[in-house]
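Participant: What follows is a single structure, and I will ask about it in a moment.
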Amino acid sequence: MGKRIPPSEVKVTCTCWAKRVGDMDECSFSEFLCQHECVNQPGTYFCSCPPGYILLDDNRSCQDINECEHRNHTCNLQQTCYNLQGGFKCIDPIRCEEPYLRISDNRCMCPAENPGCRDQPFTILYRDMDVVSGRSVPADIFQMQATTRYPGAYYIFQIKSGNEGREFYMRQTGPISATLVMTRPIKGPRDIQLDLEMITVNTVINFRGSSVIRLRIYVSQYPF
């Protein structure tokens, strides 16, 4: 009969093997999972949107929040709230510099009887628009046309100022109209002001005059 080993002298050795499973980073598989930002979490991921946007029901796309419509802005009573993609602008009332007179909320006029108006555009009309950052080009973004066509008159359209970077040009699309074309992608956020001039020439009565649309373009920070 063998020797009995006391329980106190028995040694039990247990070797346990633990396999560690690493988290799968879904965000690294594709940049198209989320429109803006993909946030990885253990076992899953979620999409997030920048300030000024909300996440849609598809859980990947971002939609602009209209702060002006929801009155979630900081504009005062004298300013106009203008909604942008991802934000808003507080636009001050226009100020017509001498010798111009304000004739409406967005128009200034230089009276013909004023000698200081001889070489100035007859009217300056203010317009606002927004575009997303990095918009594909070429892109037609704004149309300009004469409201009245006089016998014997023809019209010339040009960018008078604000196009120092050569990012736009005017393409005449008809006898009384032209289109503003964006020729280069523009990264935002950025504000651009262009003076678009329409020159009226009438050889019958030896007349030459002009009017200007002062177009303010707000480029958003994101491409959506």
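Read-outs: derived from the displayed coordinates by stated rules, not from any lab. These numbers were taken from a predicted model, which means no experiment stands behind them. Cβ coordinates were reconstructed from backbone atoms using ideal geometry, including for glycine residues, and neighbour counts include every protein chain displayed.
Participant: Among Ala139, Ala178, Ala112, whose mean-square fluctuation peaks in a Gaussian network model of the chain (Cα, cutoff 10 Å)?
Facilitator: For the chain, modelled as a Gaussian network with Cα springs under 10 Å, the answer is Ala112.
Participant: For Ile141 and Ser61 in one chain, what is 0.36 nm times their gap in residues minus the Cα-Cα distance, to one decimal in nm?
Facilitator: The span from Ile141 to Ser61 would gain 26.4 nm if fully extended.
Participant: Gain in length, Thr44 to Arg95, computed as 0.36 nm per residue apart minus the alpha-carbon separation, to one decimal in nm?
Facilitator: Taking Thr44 through Arg95 to full extension adds about 12.9 nm, to one decimal.
Participant: If you don't mind, another one. If we count every other residue with Cβ under 14 angstrom of Ile141's Cβ, Lys/Arg +1 and Asp/Glu -1, where does the sum land?
Facilitator: +1
Participant: Also: Among [x] 186; [y] 126; [z] 234, only one was calculated for this model; which label is it, if the read-out is volume of the Cα convex hull per residue in Å³?
Facilitator: After the calculation, the listed value that fits is [z].
Participant: So, one more: Can you bin the range 95-219 into rounded, prolate or oblate? Criterion: square roots of the alpha carbon gyration tensor eigenvalues sorted a ≥ b ≥ c, rounded for a/c under 1.5, prolate for a/b above b/c, oblate for the rest.
Facilitator: Note, shape of the range 95-219 comes out oblate.
Participant: Determine the gain in length on full extension of the stretch Ser161-Phe122; use 0.36 nm per residue of separation and subtract their C-alpha separation, reporting nm with one decimal.
Facilitator: Details: separation 39, 0.36 × 39 = 14.04 nm, distance 1.65 nm.
Contour length minus Cα-Cα distance gives 12.4 nm.
Participant: From the residues Met198, Asn106, Val131, which one has its Cα farthest along the dipole of the range 95-219 in the positive direction, the dipole being from +1 and -1 charges on Cβ of Lys/Arg and Asp/Glu about the Cα centre?
Facilitator: Of Met198, Asn106, Val131, it is Val131.
Participant: Considering the zone a paramagnetic label at Asn202 would reach in this model (a point 7 Å from Cα along the Cα-to-Cβ line), which residues of the range 131-146 have amide N under 16 Å from it?
Facilitator: 146
Participant: Exactly which GluC sites (Glu not before Pro) in the range 38-132 are in a DSSP loop and have at most 12 other Cβ atoms within 10 Å? Let's see the in-between values first.
Facilitator: On the way: sites: Glu67, Glu69, Glu97, Glu113; in loops: Glu67, Glu69, Glu97, Glu113.
Answer by residue number: Glu69, Glu97, Glu113.
Participant: If you put +1 on each Lys and Arg Cβ and -1 on each Asp and Glu Cβ, how big is the dipole of the chain around its Cα centre, in Debye rounded to 20? It would help to have the intermediate numbers written out before the result.
Facilitator: Working: 24 positive and 25 negative charges, 111 e Å.
It comes to approximately 540 debye.
Participant: Among Gly116, Gly43, Gly134, whose mean-square fluctuation peaks in a Gaussian network model of the chain (Cα, cutoff 10 Å)?
Facilitator: Between Gly116, Gly43, Gly134, it is Gly43 that shows the largest mean-square fluctuation.
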